[in-house]
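None of the figures in this text is laboratory data; all of them are computed from the coordinates on show. What you are looking at is a predicted structure, and each value in this text was computed from that prediction instead of being measured. Cβ placement follows ideal geometry from the backbone for every residue including glycine, while neighbour counts extend to all protein chains displayed.
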Amino acid sequence: MHLVDVTHEVEPQQIVEAALALDAAAGFFPPGTIHVAVVDPGVGTARRGIVVSAGSHLFVGPDNGLFTPVVARGAWSAFELAAPEFRLPEVSRTFHGRDIFAPAAAHLALGVGPSRFGPPVTDPVCLPWVEARAVADGYAGTVIHVDRFGNLVTSISATQVAAVTGDGLAAVKVAGHLLALVGTYADLPPGGAGALVGSRNRLEVVVREGSAANRLRAQRGTPVLLRPRMRWSGTRRLRSRG
């Protein structure tokens, strides 16, 4: 058995950020991996603890939207972590990561089936972000997270970006600004704004050495439109500065 600590750098109480980090990391792990994820501002309340089985992976943590990307892909089942024999004898109301989630993961690793932990969960909590949708020659999405650098993480996936760009060029419209799609931050001048595929395998709107959120006055929920650059010709000039 191998234990891998993916990150402890998620900002406090930021469930969306944690869900994105989990979504970005899970695919790199082999079949049979048990993922324990705990960002839990509702610890000790009536919120459920759950185990989600999806594909060949298991996910353990609070039912607060943390597993939204897992559920969104479909083909999952979930069970409440209710059975007392699979948790510590005394459970702190403020430390379920230690007293409920870690013991559950250990029992799963020993071969206990997910259905033995409690009743089925058919309505897991899902975060209110909207998946990108196909539009003429592109994709329309939204900003779903603003990271600590001010980068705007969007609901448009790397796969969708590739479908639009092909061998050509693309541009992104956000908060009234039309921005070029680039490969990396250094493709922009200092202070320049653009869009790229980030480490979360999603389209991100960025400002080199600055904050896209501040420069573009954008936030979670701001619409984002990705289209081939030629579709924007005659509309307005591409620009990298606000």
Put a dot 7 Å past each Cα toward the Cβ at T33 and V135; how far apart are the dots in nm?
3.4 nm
Span per principal axis, largest first, for the Cα atoms of the range 31-90 (Å):
34, 23, 15
In square nanometres and to one decimal, what's the mean projected area of the convex hull around the Cα atoms of the range 133-232?
5.6 nm²
With the label point 7 Å along the Cα-to-beta-carbon line of R73 and a cut-off under 17 Å to each amide N, the hits in the range 202-227 are 202-203
With T = 20 °C, eta = 1.002 mPa s and Kirkwood Rh from C-alpha pairs, the Stokes-Einstein D of the chain in µm²/s is about 110 µm²/s
From the helices alone, meaning DSSP H stretches of at least four residues, give me the mean residue ellipticity at 222 nm for the chain, per-run term -39500 (n - 2.57), in deg cm²/dmol to the nearest 500.
-4000 deg cm²/dmol
Restricting to the range 133-232, compute how many DSSP beta bridges are antiparallel as a %, nearest 5.
95 percent
TM-like helix rule applied to the chain (DSSP H, alpha carbon span at least 15 Å on the long axis, mean Kyte-Doolittle at least -1.0) gives 15-26
Could you tell me the ratio Rg/Rh of the range 151-194? Both radii from Cα atoms, Rh via Kirkwood.
0.95
When the distances between all Cα atoms of the range 72-196 are binned every 5 Å from zero, what whole-number percent does each bin get?
2, 8, 13, 14, 11, 9, 9, 9, 10, 9, 5, 1, 0
Beyond 24 Å, the calculated P(r) of the range 1-141 holds a percent of Cα-Cα pairs equal to 29 percent
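Summing +1 for each Lys or Arg and -1 for each Asp or Glu, what net charge is found among the other residues whose Cβ lies under 9 Å from the Cβ of G194? Walk me through the numbers on the way to the answer.
Details: positive: R208; negative: D187.
Once positives and negatives cancel, what remains is 0.
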